[in-house]
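Report on one structure; see the data block that follows.
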Amino acid sequence: MVAMDGKKVTVTYTDEFGIWQHLADDFRQHLPLRNLHWKSAKGPSRNIPVLGVDLKRFNPETTERSHMLPETLPYLNLYFVNCDDNETYRQIVKNQIREWLNIAENRRNQEWLIVYVTKQETMRNPARYFMKGTVFDKIKADFNTKRDRCVQLKLSDNDTEDYKSWQELMSEIKEGILSSFDQHVKQYEEDIRRSDSQRSMIGWNYCTFFILKEGLALTFEIMNLFEDALVQYDELEASFFQVLKDRALAWFGSFGATDPNDDSANILDVKKKQYRDLIMQNTIPEFDFRCYLFARQCQLLGRLHNPVEICRRAQIFISTFGRAIKENQANVGEDFLKSWIFSSCMSVVNECEELAPLTSNDFDTIAFNAAKGELLDLARKQLDKLGIHYNHLPDSLPFTTSLSEVIPPSSPNEGSESEKKFTITNKELQEAINSQNDFDVLYLSLTNRALRAYEGSARLRSVLRLQGDVAALHFHRKQYEDAVQVMEDIPWRYGEQGWTVVENNLLFKFAACQKELGQTRSYLGSCLSLLKNYSLLTNEEIAFYADEVKRLCGTLEKGEEINRQFKPIFAISVTSIVDDIGDEDGPYLSVELTNNLSTTFTFDQLAIRLVSGQSEEIWFGVCEEEINPGLNSYKLYSDNSASGNYYVENVRMSIGRIIFTHNFLNESKKKLFRVNEHPSVLRAQIIAPSEIHIGEQQYFLVRIFTGLSRVDEGKLVLEAMSDGLSFPKSEKYHSITKSVIDEKISEDIVSEQDLEVSEDGKIRIPSSLSNQLIEFQTPYDCDWGAIEHKVKISVEYKSKGKLRVFTSVDTIKVWLPISVNELNIFRDDCLFVKMDITLQGTIPVRILKTELVPSKVYDVADNPSLTLPSLNLFGKQHASYVYKLTRSKDYHGEAKSASTQIHFVVSYRSLQDEVEKYVEHTLNIILKSKNLFQHSQFLIENAKEQLLKLVDYVSYGMTDILDLGELDITQCESLFATHGAAKEALVDVVKEFWKTSNQISNEGIMAVSNDLKSSISFPVNVPSSKVLNTVELIISKSHDFIVGEPCHCRLIVRHSSYWNYASSTDAKDTFEFYYDVHVDFDNWLLAGHKKLCFSSKVGETKEFPITLVPLKTGHLLVPLIRVASLNSHIFSETVYLNNAEQILVRPRTQSATFFIEQQHRIHSIHSGAGFGGPGHHHHNEGMENVEF
């Protein structure tokens, strides 16, 4: 066994005092020894966790012989002494110890230890021993040498003291064993060094060298140093290969492998032969020597609990040594090698499976399963060889893959004389050879074991290979159901791994089984898989399986479709998209399909799907065409109409119930094509209306252009693609139909009708003639603040008996370019409304017209509507309009409604819109002249987004000159990269447009865009005042105001209900008001009530006294006075007649008389004295009257 019990260190004891029987049980309780530390002279110290000890009685008659096994030699000799009498010790005991010691010291590399045992009176033994220190001291003095070889064991009833005494003894024992072990190692190393140095000398013997080296390995093994022991055997193996290389095999007998059971014995059994005796006698055969060396290595690996390494080494050893056995096949027999490999692999696997559960938690299960699977697989291959040799298996794939060389099959009775003499001794193989049923049982069981091992190591290819072998065995035995069950997924997985030869070999069998069992769909799939590997088939095989496909593809039921990839049977590519405006069927795809088989097929449908970045798709297809061998070309048309840039996504070709597909997006270079709107097909769009009414339900305008097609019937679906956007359900939509002549929409209405809406939200489209426009409005709801919305519009209609589909995703801008603020100013008999228009964004607009639309409540007395000239509104500018309103005489207080509200209507045109309208018109003229009108939508959309992005609309609005800048030719060419042959022509169109339109004046643009107009109706909320308070401050002072003089005023408040149009006000109703005088106390002082409450009725006039005192000179504003209702539910307005009125306040004037001497006038002035100062003198000579 690999994991056999380990060897133990031998320790002898001598007991001449009869005390061992009392010590034996306690002594063994302290075994095995633990935590030994050996300090090697050549390497790091070794830790020995556990060391077993084999206790034997000392035998003085034993003599040492050369080459004795290390485990049979004692490492330590113990002598137990119990004597408390000095005289007895001197006369008897001392001599006994001396005699024992003389024998022990004569034995090489053995240590000795004298153990003096003492007892207490409480011992179970009735004899009482008393510890006499003098005897122990004498023993130490007589027998101790350089080291202490005497130890005292004190037996005590105290557990602590007793344990301590035993530990001291065990410590001395460990030290003695390690000392003896170190001497053994040094002795072996010296002998090995001496022998190795004599390798080149005559008479050197490899076997002697082996015994010495193995002695060192066994010494390490005894001490549980298994890694050091394994190193010795690895070095022996290396030296043997050197001997083998030098062909110096004189120390070995014959090759061997001729003993009974050599082919079936357990390769890991080191006791099945007397290997060491044969080695020492120089008669061991090479076969036995190598088996013994390998077994000893595995034995040590087993002690190290490393089954993974055992399996790995076994695989290498069996494979390499197998070649040596094959070289000697004439001596051992042809089947010996197969039997030996099989038996060796199974022995190793069985032993390792028992060892694996004993390993540590970090055991690598995956690696073990992989190594074990390799050994089981190697054993199974021997069954392949034996099965072919004894006619249990066919001489064909996959079984022949196990043959190392092609050997013609032979019967068991044929062969050389030497081969006849050998008989396989493995009982399992004997039964398998003699019985086909036993062979199958052994083959399947062994394969299943290998399968489980490979599955546990995630080795998919090996699993597939073994499953294929099992399926092949079932097929050979005509067990078709079992074969099909096993082969269900194997062939396809072989194909995924690139093993096409093995895949085809299995597919032949798989297809035959399915055909026998009547599994049509599965058989058809196998035929397709065989055709996939057509390069490995003959022309006859290709023709046969192709005919089977054509015969059976139409017999499958719906839902039993088979999906396959185009490659490698077919190859397909999309070469171009052609949008000839003269082709009424619209654009088509030009497709090339290559048939790699030498037979013709007919497909039912070939369809290719194109997708755009907005998740739109278009299918192009063609039906019922032949696929001849080699290159085929087809035109694929589409019933869908949706312009844009499209990637070729996938292709789908159906032949009966077989569907071939290919995804072009998986290719490294994706193909991008431009699909243009065709004028002959219907198209639809959804746009913002030209008139917008703020505060009302908002609408989008849906337009359907029939083009050159006549629509029999159709359905339209609107799908909101922006968050927050939704379309309310409606039962019907009112539509109008107009004619379209030369791309211009007629103003005349052809017809009007209601479009019905089905339960699923589809809008019915009536039958229409060509060149007609159907338009209707659809309401929508959206989140506040949105700038633009995306809506997917789909139209499914019938034209000329064909069902067609149009799809488009339109972006609708709902951003208002202008905003309006209002200011209301009440008067007794009129109301002034100031409308302030500001620009939102950076694109200027032209204000074409403004109008304040009256209502039932108000008449517009003065409407300064703007007609001509138009006003350009730029960023950070305002356009203000003031309107005078009067109360309508015809209004009698009806409830507030839409008819009672006035609206401010602004007609405008964005400068960007008028430029884009001109660009669209001009480009269409050029495209039509060059027969490229089908590119109109793409060119115009990209011209707006790319070519016009550098236009400065502010400069255009100020100078009336359109500056397009310099044309970027590189950008222009990249823009048309997907247009194929039309690329150069489209670039020329842009160049011609740039040449004719750059620096064009506003007059040229207006000739095209003058009819472009949008309008926004803003509701104007004029508040209704229940009571209108007219406040007037009457100043009673007739002359000028003097600073500091009080001025008495009268505050007159009149109440009116003129603007209370919502309901009538009774003249008897009393209202509570208060007035508040807003005084600037830097300019005025107020005497009287600053704020006062009072009651009043409608039509009544109130008067209140107020005194104002001016504090500054100059023009002072009259204080502001506001009147408000105490009731918050009553809205009142104040008309202050003195608003912004100023009063001139003059300084106060006065006179004074001064007497100044004329002669001192100059002096007084120059003296610097002021009036009334010390330099002032009164004289009568002169007098001057000065008035200030």
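The values are calculated or read from the model by the stated rules, or taken from the named source; none is laboratory data. Because the structure is a prediction, the values reported are computed rather than measured. Virtual Cβ from ideal backbone geometry, glycine too; neighbours counted across all protein chains shown.
Miscellaneous remarks
- Scanning the range 276-307 for residues that are at pLDDT below 85 and crowded, with 18+ Cβ neighbours inside 10 Å gives a single hit, I279.
Every residue, every condition in (1) crowded, with 19+ Cβ neighbours inside 10 Å; (2) assigned to a helix (DSSP H, G or I); (3) free of Cβ contacts under 8 Å to residues at least 40 places away in the same chain, yes or no:
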{"position": "L429", "(1), (2), (3)": "yes, yes, no"}
{"position": "A432", "(1), (2), (3)": "yes, yes, no"}
{"position": "Y443", "(1), (2), (3)": "yes, yes, no"}
{"position": "L446", "(1), (2), (3)": "yes, yes, no"}
{"position": "L464", "(1), (2), (3)": "yes, yes, yes"}
{"position": "V470", "(1), (2), (3)": "yes, yes, yes"}
{"position": "L473", "(1), (2), (3)": "yes, yes, no"}
{"position": "K478", "(1), (2), (3)": "no, no, yes"}
{"position": "A483", "(1), (2), (3)": "yes, yes, yes"}
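- Flag if Q698 is polar (S, T, N, Q), within 24 Å of E616 (Cβ to Cβ) and modelled with pLDDT under 90: no
- Filter pass, R34 being touching an Asp or Glu at 6+ places or on another chain (Cβ under 8 Å) and at pLDDT 85 or above: no
- Residue selected from the range 150-169 under the condition surrounded by fewer than 16 Cβ atoms within 10 Å (Cβ to Cβ) and under 30 Å from D228 (Cβ atoms), by the criterion farthest from the chain's Cα centre (by Cα): E168
- On inspection, K1097 fails the criterion of being farther than 30 Å from T1149 by Cα and modelled with pLDDT of 85 or more.
- Scan of the range 692-710 for residues that are among the β-branched types (V, I, T) and within 16 Å of I736 (Cα to Cα), ordered by number: V702, I704, T706
- The range 873-902, residues that are modelled with pLDDT of 60 or more, in a loop (DSSP other than H, G, I, E, B) and either among the hydrophobic types (A, V, I, L, M, F, W, C) or within 12 Å of M835 (Cα to Cα) (or both): F874
- For the criterion of being within 23 Å of Q697 (Cα to Cα), outside the structural domain of G695 (by TED's automatic domain parsing) and not basic (K, R), E822 passes.
- Residues located in the range 338-372, provided they are at pLDDT 90 or above and either closer than 20 Å to T258 by Cα or not in a helix (DSSP H, G or I) (or both): K338, S339, W340, I341, F342, S343, S344, C345, S347
- Within the range 1090-1111, restricting attention to residues that are under 17 Å from R827 (Cα atoms) and free of Cβ contacts under 8 Å to residues at least 60 places away in the same chain, the residue that is nearest to the chain's Cα centre (by Cα) is G1099.
- Restricting K326, K271 to residues that are in a loop (DSSP other than H, G, I, E, B), surrounded by fewer than 21 Cβ atoms within 10 Å (Cβ to Cβ) and without any contact (Cβ under 8 Å) to a residue 12 or more places away in the chain narrows the list to K271.
- Hits in the range 911-932 - residues which are among the charged types (D, E, K, R) and surrounded by fewer than 17 Cβ atoms within 10 Å (Cβ to Cβ): K928, K930
- Subset tally (residues that are surrounded by 14 or more Cβ atoms within 10 Å (Cβ to Cβ), without any contact (Cβ under 8 Å) to a residue 40 or more places away in the chain and in a helix (DSSP H, G or I)) for the range 992-1010: 1
- Check on A432, closer than 24 Å to E374 by Cα, touching a Gly at 6+ places or on another chain (Cβ under 7 Å) and modelled with pLDDT of 90 or more: no
A quick yes/no check of all residues on (1) within 21 Å of D84 (Cα to Cα); (2) modelled with pLDDT under 90; (3) in a helix (DSSP H, G or I); (4) touching a Ser or Thr at 6+ places or on another chain (Cβ under 8 Å):
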| site | (1), (2), (3), (4) |
| --- | --- |
| T145 | no, yes, no, no |
| S156 | yes, yes, no, yes |
| E161 | yes, yes, yes, no |
| Q167 | no, no, yes, no |
| E172 | no, no, yes, no |
| G176 | no, no, yes, no |
| E189 | no, yes, yes, no |
| R193 | no, no, yes, no |
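- Some residue of the range 628-640 being within 29 Å of S799 (Cβ to Cβ) and assigned to a loop (DSSP other than H, G, I, E, B): yes
Residue by residue, here is whether (1) modelled with pLDDT under 85; (2) surrounded by 15 or more Cβ atoms within 10 Å (Cβ to Cβ) holds:
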position	(1), (2)
E548	no, yes
L552	no, yes
E584	yes, no
T602	no, no
L606	no, yes
L610	no, yes
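- Residue in the range 560-574 that is of a type outside the set (D, E, K, R), closer than 30 Å to L473 by Cα and part of a helix (DSSP H, G or I) present: no
- Pairs linking a residue in the range 74-94 that is farther than 30 Å from D182 by Cα to a residue that is of a type in the set (D, E, K, R) and surrounded by fewer than 21 Cβ atoms within 10 Å (Cβ to Cβ), with Cβ atoms under 6 Å and 6 or more positions apart or on different chains, are D84/K132.
- Set G630, G644: member being more than 36 Å from the chain's Cα centre (by Cα) and either at positive phi or of a type in the set (A, V, I, L, M, F, W, C) (or both): G630
- In the range 1112-1152, of all residues being in a strand (DSSP E or B) and more than 25 Å from L823 (Cα to Cα), the one that is farthest from the chain's Cα centre (by Cα) corresponds to R1146.
- Subset of the range 643-685 (residues that are buried (at least 22 other Cβ atoms within 10 Å of the Cβ), assigned to a loop (DSSP other than H, G, I, E, B) and not acidic (D, E)): S643, N676, H678, V681, L682
- Qualifying residue in the range 915-931 (condition: at pLDDT below 90 and at positive phi): yes
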